[in-house]
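The values are calculated or read from the model by the stated rules, or taken from the named source; none is laboratory data. Everything numeric here is computed off the predicted structure, so don't read it as measured data. Cβ placement follows ideal geometry from the backbone for every residue including glycine, while neighbour counts extend to all protein chains displayed. Accessible surface is based on the protein model in full, side chains and every heavy atom, while ligands, DNA and RNA are left aside. Shrake-Rupley method; radii C 1.70, N 1.55, O 1.52, S 1.80 Å.
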Amino acid sequence: MTQITTNKPGRNEPCPCGSRKKHKACCGRSNDKNPAPPVLDNTTMHQHAQQAITRSDFALAEAWFRKLHKAKPADAYFVASLGQALCWQNRRKDGVTYLLQAAKLLAQQATKTRNPILAQELSAQLLHWGEVITAERLARLALSLAPDSASALNNLVICLTRINRNEEALPLSRQVCEILPEHPGCHILLALIEAKTGSINQALQRLQKVIERNLEAEQTARAHLEMGVILDKLGRYEEAFTALTKAAEDNSALLNQHPATRDDLFTTLARNSENFTVPLLQRWPVKQLSSDGLPVPAFLMGFLRSGTTLTEQVLAAHPQLVTTDESSIVHELTLELQKLTGINNDQATALKSIKETDLRQLRQFYWRRMREEYGPQVMLKQVVDKNALNTIDLGVISVVFPEAKIVFALRDPRDICISCFMQAFSPAPATVNMLSWEGIARQYSAVMGYWLTLRNNIQPAFLELRYEDTVTNFEATYRQVFDFLSVEWHPEVTQFHKRAKGRYISTPSFAAVSEPIYTRAVARWKPYEKQFAPIIKELEPFIKAFGYSDQDDIYNNVA
């Protein structure tokens, strides 16, 4: 008879599960009814965590990194990875706490580990989440560990420019370009710094070389855009508009593979304009919902480039207010509504289908996320949730928070259009149409038409705030805003720009709001009057509706 072998390990041999225990102390405990699961080593757990990230399963990644953090609590990489996993789940406050803890560990261990790459990557993460002081400190640490690294140098340059310390950034950016003489992105960044520090002609020449080399289509488009912005400041308007148009054409060409996304926003706004009826907008009176004891939120919205960042910075300087910088929580609220109802792409129908208990659940969700992102202070002070794109979700805000207050930013539609044309928006469903002159006007018409359709039917109180008033009559205008928000005037808000100078601001206005109030952005459109011919009919109803037809009354006040 042939003997059958089983390859079963001996009791004192290593367990084949990889736990590094003896078989008898691990999977060989046959008498146990509930044998303990195999203990995985750190390498295996890290592999599982990375696989979870690849699948965008950040909750599972968090679970694995928590195990790794418990196993090696002083490992800066595991602590940072846990923090990033939390941030990816929109748990920013907790996530940033771990990122800052990792930064502290890394600084303590720098002389031993000498890991410039981790320091640099963690610096970039912290900058993204707005922790500029620690981000700069880590950027300098990375550079001290790798003084000849172009990427470490460039990371420090980016940190400095994001808080408007361009004079310090200039020599470092030049070093980067010496190391990488053919890199278009590095030369564009240097050109921007040169322009801001007074070397205008040098900046133009540098951008022209980037365009002539045409090494990367995306970077070439960006060079055209930045050249247009500089030419505008020089008063060379025809050349500026030509450069901006070329940038728009190049960027649009890069997005030709996604043509369907261009109409998504217009379809949504048209549907919402029709379906957010008066009965829906006034379905739940304020008194019916006030028993939940939740704070009254305020929202700052408008159209892109309408002055929301300036106003947010002024409000942020008030001790009784908490403001957000481009908060995504309203968008998360709309996703929670979809999850709750199973109805996608139709906010009005979803809201019609829910019960009052569901509505209260949505309200609790919003404030839970606010606490997670901005801490317990949001329950004690007046919150102003700022995001210009929240205008798109005006119907949801109005139904879920009928007691809310809305500060709605206005600006001459023509100034908005030319300002948007000078911005490098990241491609997204809400910005994809901003890559063409006609697309900007069409999106302005759709978004602001939505506001005009709903504004007189919503329950939330609203205050329309004109940018031109904020820069020509600052104190009187913002006294009205503070009165609307039920807080007293505080003189320190006039020094908002000093606070903004060292603060990370995520919008393109981060440089402008670190200056005292100026009026040079008023009537910015006038040198381009001829270029407005193709889009002026789209804008005329709004120029009239918002009181910009008689422009002399506005512009005569500009100093």
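Of the residues 124, 170, 189, the one whose Cα sits farthest toward the positive end of the charge dipole of the stretch 104-235, with +1 on the Cβ of Lys and Arg and -1 on the Cβ of Asp and Glu, is 124. Report the Cα centroid-to-centroid distance between the stretch 221-300 and the stretch 175-215 in angstrom, as an integer. That distance is 30 Å. On a 0 to 90° scale, report how tilted helix 166-179 is relative to the longest principal axis of the chain, with both axes built from alpha carbons and the result rounded to the nearest 10. Tilt relative to the chain: about 60 degrees. How much of the DSSP bridge set in the chain is antiparallel, in percent, rounded to the nearest 5? The antiparallel fraction comes to roughly 5 percent.
Over the residues of the chain, the helix contribution to mean residue ellipticity at 222 nm works out to -17500 deg cm²/dmol, using -39500 (n - 2.57) for each DSSP H run of at least 4.
In the chain, the longest principal axis of the Cα atoms and the axis of helix 329-341 are about 70 degrees apart. Rounded to the nearest 20, the Cβ-based charge dipole of the chain about its Cα centre (Lys and Arg +1, Asp and Glu -1) stands at 2580 debye.
Per atom type, the stretch 27-175 shows carbon and sulfur on 53% of its accessible surface, probed at 1.4 Å.
Step through the table entries 246/530; 70/386; 352/381; 498/526; 70/93; 287/386, compare each Cα-Cα distance with 27 Å, and write down the pairs that go over it. Where the Cα-Cα span goes over 27 Å, the pairs concerned are 70/386; 352/381; 498/526. Residues in the chain average 47 Å² of solvent-accessible surface per residue, probe 1.4 Å, ligands and nucleic acids excluded. Once the Cα atoms are used to define both axes, helix 132-145 deviates from the longest principal axis of the chain by about 60 degrees.
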